[in-house]
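The values are calculated or read from the model by the stated rules, or taken from the named source; none is laboratory data. Bear in mind the structure is a predicted one, so any value in this text is a computation, not a measurement. Every residue, glycine as well, gets a Cβ built from its backbone with ideal geometry; the counts of neighbours run over all protein chains shown.
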Amino acid sequence: MSKPDDISGPRDPYFLSIQQALMNAGIATPTLLIDRARLNANIDALKRHLPEGMGYRIVAKSLPSISLIQHVAQRANTDRLMTFNLPMLVALSDLMPEASQLVGKPLPVQAARLYFERLPPTRIEAADHIQWLIDTPNRLTQYQELARSLNRTLRLNLELDVGLHRGGFETGADLEAVLKEIKTDPNLVFAGFMGYEPHIPSLPTTLGWRDKALAGAWRTYRTALEQAAEVFGSEAIAHITRNAAGSPTYRYYEDTEIANEVSAGSCLVKPTHFDTELLEPHLPASFIATPVIKSIPKTRMPGLEFADGATRAWDPNYSKTVFIYGGHWLADPIDPPGLSYNSTFGRSSNQEMLNGGPELNLTPDEFVFFRPHQSEAVFLQFGDIAVYEDGEIVDYWPVFEASA
């Protein structure tokens, strides 16, 4: 094992500018912020890639703020949303009643029933724009009974297993039977298919495994469309939703032969889990900023002080310590450079310990910046999102209530 190099160094002027904006705005608590210029660049990068005729559906769980969603919808010129739970479904139906919402996971039928109970009477038309996701014949039966009890028409989208093996229909007899059942029920409308394939970029390219998996996913989707056309007719199928992709895979779709819309959300703010080759055109646009509470020039471990000198000599990145306001987030420190968690001291949600090298120069009340690993859970932990643009905090975007 080789001796670690010192990776501490001067701060990035970009983050120093954000730090000054936070201080000018009087912010002194852990804050989730979005760089609006980078967000806009990411939206534009996504739209530039989409082939002619390809729709874009915003993944609401990955951008869990109504103001953020509305900003993306306006800039991307779309009214399509993918929604994943009951609270967001109700909230978005109230605030964006004209939006087309595709439920991104099969909800228990009781959750669907509660949706109709909680929907404000003035927003009941929003229910007509929802596609409920169905993954099994049993769930179809449950939603049939719901439609009958409500005396209303439900639009159903069928989840396809295109290789992820997280549930959904495979092509064949079960899919055919479900399609025929929907056709014969006056309370149901076949709205389309959803086929999600986030596993593909993670597969090795060795022996063409990744290409084979992608071809297999598209082959399954194509077969499902052929089965639907046999039941409903080719003309009807031409107008259904053919949803596919997510942030990791939307760039695979260069025509509308299989899908006529793609879903994405995380790539617009680009947490670390989306640092992939396919998403290289996108910029990190979301960060956690938190104040330094204590800055200690020499790292000392409780009960292990006798080993501190040897540890610092071996690893210069262990030299100094800061304790921050809060912590234990799903995130990695990014500025100042060279900061790392201390696995011996452990994690803390109160005052997280971070270590850095000799060039670390932080004083209390300055900020440490992190990149989130993901957006959907992390964004909900900090209150309103601070919007950064042109050297200033220009707005605050409320987030949804925490929900699963």
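Checking the stated criteria, PRO271 turns out to be crowded, with 19+ Cβ neighbours inside 10 Å, outside the structural domain of PRO51 (by TED's automatic domain parsing), modelled with pLDDT of 95 or more and not hydrophobic (A, V, I, L, M, F, W, C). Counting just the residues of region 385-404 that are among the small types (Gly, Ala, Ser) and within 17 Å of GLY26 (Cα to Cα), which one comes out surrounded by the most Cβ atoms within 10 Å (Cβ to Cβ)? Among those residues, the one meeting the criterion is ALA386.
In region 48-75, the residue that is surrounded by the fewest Cβ atoms within 10 Å (Cβ to Cβ) out of those that are out of contact with any helix residue (DSSP H, G or I) (no Cβ under 6 Å at 6 or more places or on another chain) and of a type in the set (Lys, Arg) is ARG48.
Of all residue pairs spaced 6 or more apart or on separate chains, those with beta-carbon atoms under 6 Å, a first member in region 14-25 that is assigned by TED's automatic domain parsing to the domain that holds ASP335 and a second member that is of a type in the set (A, V, I, L, M) and at pLDDT 95 or above are ALA21/ILE393; LEU22/ALA289; ALA25/ILE393. If you go through region 297-310 one residue at a time, do you hit one that is of a type in the set (A, V, I, L, M) and within 28 Å of the chain's Cα centre (by Cα)? No; the residues of region 297-310 include none that is of a type in the set (A, V, I, L, M) and within 28 Å of the chain's Cα centre (by Cα).
Scoring ASP94 on the criteria (1) within 30 Å of ASP255 (Cβ to Cβ); (2) surrounded by fewer than 17 Cβ atoms within 10 Å (Cβ to Cβ); (3) under 23 Å from the mean Cα position of the chain (by Cα); (4) acidic (Asp, Glu) leaves a single failure, condition (1).
Within the set THR31, THR83, THR78, the sole residue that is hydroxyl-bearing (Ser, Thr, Tyr) and touching a helix residue (DSSP H, G or I) at 6+ places or on another chain (Cβ under 6 Å) turns out to be THR83. Cβ-Cβ contacts under 7 Å between residues 6 or more apart (or on different chains), taken from a first residue in region 91-114 that is assigned by TED's automatic domain parsing to the domain that holds GLU145 to a second residue that is assigned to a loop (DSSP other than H, G, I, E, B) and surrounded by fewer than 15 Cβ atoms within 10 Å (Cβ to Cβ), are listed as ASP94/PRO120.
Whenever a residue of region 198-209 is under 16 Å from SER263 (Cβ atoms) and assigned by TED's automatic domain parsing to the domain that holds VAL59, it has no partner that is at pLDDT below 90 and exposed (fewer than 10 other Cβ atoms within 10 Å of the Cβ) lying with C-beta atoms less than 7 angstrom away and at least six residues away or across chains. Here LYS294 passes the criteria (1) within 30 Å of ALA331 (Cα to Cα); (2) without any contact (Cβ under 8 Å) to a residue 12 or more places away in the chain; (3) charged (D, E, K, R) except the one numbered (2). Does THR205 satisfy the criteria of being out of contact with any Phe, Trp or Tyr (no Cβ under 9 Å at 6 or more places or on another chain), modelled with pLDDT of 95 or more and of a type in the set (Val, Ile, Thr)? So THR205 fails the test. Counting just the residues of region 150-182 that are part of a loop (DSSP other than H, G, I, E, B) and hydrophobic (A, V, I, L, M, F, W, C), which one comes out surrounded by the most Cβ atoms within 10 Å (Cβ to Cβ)? Only one residue tops the list, namely VAL162.
Per the listing PRO248, PRO333, the residue uniquely assigned by TED's automatic domain parsing to the domain that holds PRO51, under 23 Å from PHE379 (Cβ atoms) and under 22 Å from the mean Cα position of the chain (by Cα) is PRO248.
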